[in-house]
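The values are calculated or read from the model by the stated rules, or taken from the named source; none is laboratory data. Source: prediction; values computed, not measured. Counting neighbours? That spans all protein chains shown, and the Cβs are built from the backbone with ideal geometry, glycine included.
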Amino acid sequence: MRIETTRIAGIDTPVSRVGLGTWAIGGRMWGGADDKQSIATVRDAIERGINLIDTAPVYGFGRSESVVGEALVGIRDKAVIATKVALDWNDQEKVTRNSSVARIRKEIEDSLRRLRTDYIDLYQVHWPDTLVPFDETATELERLRRDGKILAIGVSNYSPAQMDAFASAAPLAAVQPPYNLFERAIEKDVLPYAKQHELVVLAYGALCRGLLSGRMDSSTRFDGDDLRRNDPKFQPPRFDQYIAAVAALSELARDRHGKSVLALAIRWVLDQGPTIALWGARKPEHLHGIDDVFGWTLSEQDLRDIDAILAKHVTDPVGPEFMAPPLRQS
Ligand code: NAP
């Protein structure tokens, strides 16, 4: 099966519309990670045609980027690396937003070193930092782009007004918001904005942190530092509502298309517009269903019935806001 691709302005290589998300392979907040397995996952993704690898300095405080860098030794030219900038952390691992010029200048060098490369394809501001004017951050990223250290600029978790302010000083190519069947807030503002301004949308949490993988039931529990222990979606009684919705979606995917709910969840993201689905796979087997995502689309009737399933089962929805890192104090 041929993987669907898209274009991100500034990057010559066509980019796969499924990207590998590497937060969990950073080893923090997801119950640990095994670097060997993580490296195998990145290489397997590239072999399967998933060339977009999304990472960030904060994922495991450098570990995710280092693992990605190691995995890409010898095959760097086959990958489109998307990483991020502008989160800071202290010795106690407390994370804060910091989009200052000084922070960007330090982070770009750290990221290039860890990723073992001399350029980053897509460099994204991780979270808006309201203590720094958006055009100041944008101007610094544009300087990096002109220097050839990055090829394209993106932002993540920005509102349209924040993107407007940012785009006054640098060409914006992509935006990375949360987006999946259960988390659809961007349909009101960010998605229409992206369509209007021809931005590519890197939808994060495309499987809603594994909920839409189909592997969970009401008895599923999470170990260690796994963030899903505190994620309000995964707490009873609400968790049961989401699990019931997944069961109904599984039935629809199987009966109408002969697909898994995971394939349906990714397909749904891809059918919403100029999107790329970020899939947080942590072992090679996780990606084995990738071919099922391509070569079909959901009909208008499917989309209506999916909405009806969500409305019926998820009567107490909640968003992903718990993940937002705190704003800095001035
Ligand atoms: P996700 O992709 O929605 O879910 C990831 C989880 O799904 C994995 O940890 C794994 O869970 C499960 N999974 C994946 N493939 C599976 C399969 N084939 N079978 C069964 N389970 C499977 O969540 P995410 O990692 O949060 O989001 C994806 C990426 O988006 C991240 O890695 C990161 O690159 C990006 N992201 C960005 C931001 C931002 O602020 N910009 C925020 C969040 C995420 P188990 O642990 O249960 O095996």
Legend entry - Unique residue being over 21 Å from A311 (Cβ atoms) and either within 10 Å of the ligand (Cβ to nearest atom) or surrounded by fewer than 18 Cβ atoms within 10 Å (Cβ to Cβ) (or both) when the list is G214, G210: G210
Inset, instruction - Examine region 136-152 for a residue that is at pLDDT 95 or above, under 14 Å from V85 (Cα atoms), within 12 Å of the ligand (Cβ to nearest atom) and more than 15 Å from the chain's Cα centre (by Cα), and state whether such a residue exists. - result: no
Inset, instruction - Would you check which residues across region 110-134 are within 18 Å of the chain's Cα centre (by Cα) and among the β-branched types (V, I, T) and list them? - result: I120, V125
Legend entry - region 246-275 residues that are within 15 Å of the ligand (Cβ to nearest atom), paired with ones that are hydroxyl-bearing (S, T, Y) and not in a loop (DSSP other than H, G, I, E, B) (beta carbon under 7 Å, 6 or more apart): V261/S250; L262/S213; V269/T275
Legend entry - Some residue of region 176-190 being among the acidic types (D, E), closer than 30 Å to R7 by Cα and away from the ligand (no atom under 15 Å from the Cβ): yes
Inset, instruction - Inspect all residues belonging to region 174-184 and state whether any of them is hydrophobic (A, V, I, L, M, F, W, C), buried (at least 17 other Cβ atoms within 10 Å of the Cβ) and in contact with a Gly (Cβ under 7 Å, 6 or more places away or on another chain). - result: yes
Legend entry - region 288-305 - residue that is within 14 Å of the ligand (Cβ to nearest atom) and at pLDDT 95 or above and, of those, surrounded by the most Cβ atoms within 10 Å (Cβ to Cβ): V293
Inset, instruction - Give the residue that is nearest to the ligand (Cβ to nearest atom), with candidates limited to residues of region 217-234 that are of a type in the set (K, R) and without any contact (Cβ under 8 Å) to a residue 60 or more places away in the chain. - result: R228
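Results for (1) under 21 Å from L199 (Cα atoms); (2) buried (at least 18 other Cβ atoms within 10 Å of the Cβ), shown as yes or no for each residue.
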site: R113; (1), (2): no, no
site: D118; (1), (2): no, no
site: Q124; (1), (2): yes, yes
site: P133; (1), (2): no, no
site: E142; (1), (2): yes, no
site: D147; (1), (2): no, no
Inset, instruction - Could you give me the residue pairs with C-beta distances under 8 Å whose first residue belongs to region 140-165 and is within 17 Å of D121 (Cβ to Cβ), whose second residue is surrounded by 15 or more Cβ atoms within 10 Å (Cβ to Cβ) and among the charged types (D, E, K, R) wherever it lies, and which are 6+ apart or on separate chains? - result: I150/D121; L151/D121; L151/R145; A152/D121; A152/R145; I153/E142; I153/R145; S156/K84
Legend entry - Among (1) at pLDDT below 95; (2) within 24 Å of S38 (Cα to Cα); (3) of a type outside the set (D, E) - the single one G205 does not satisfy: (1)
Inset, instruction - Please tell me if Y119 is among the aromatic types (F, W, Y), under 22 Å from L72 (Cα atoms) and within 14 Å of the ligand (Cβ to nearest atom). - result: no
Legend entry - Test: A265 is assigned to a helix (DSSP H, G or I) and either surrounded by 17 or more Cβ atoms within 10 Å (Cβ to Cβ) or at positive phi (or both): yes
Legend entry - Conditions (1) surrounded by fewer than 20 Cβ atoms within 10 Å (Cβ to Cβ); (2) free of Cβ contacts under 8 Å to residues at least 24 places away in the same chain; (3) among the charged types (D, E, K, R); (4) in contact with a helix residue (DSSP H, G or I) (Cβ under 7 Å, 6 or more places away or on another chain): number failed by R238: (2)
Legend entry - Filter result (under 26 Å from A9 (Cβ atoms), touching a residue at least 40 places away in the same chain (Cβ under 8 Å) and of a type in the set (V, I, T)) within region 56-91: V58, V68, V80, I81, T83, V85
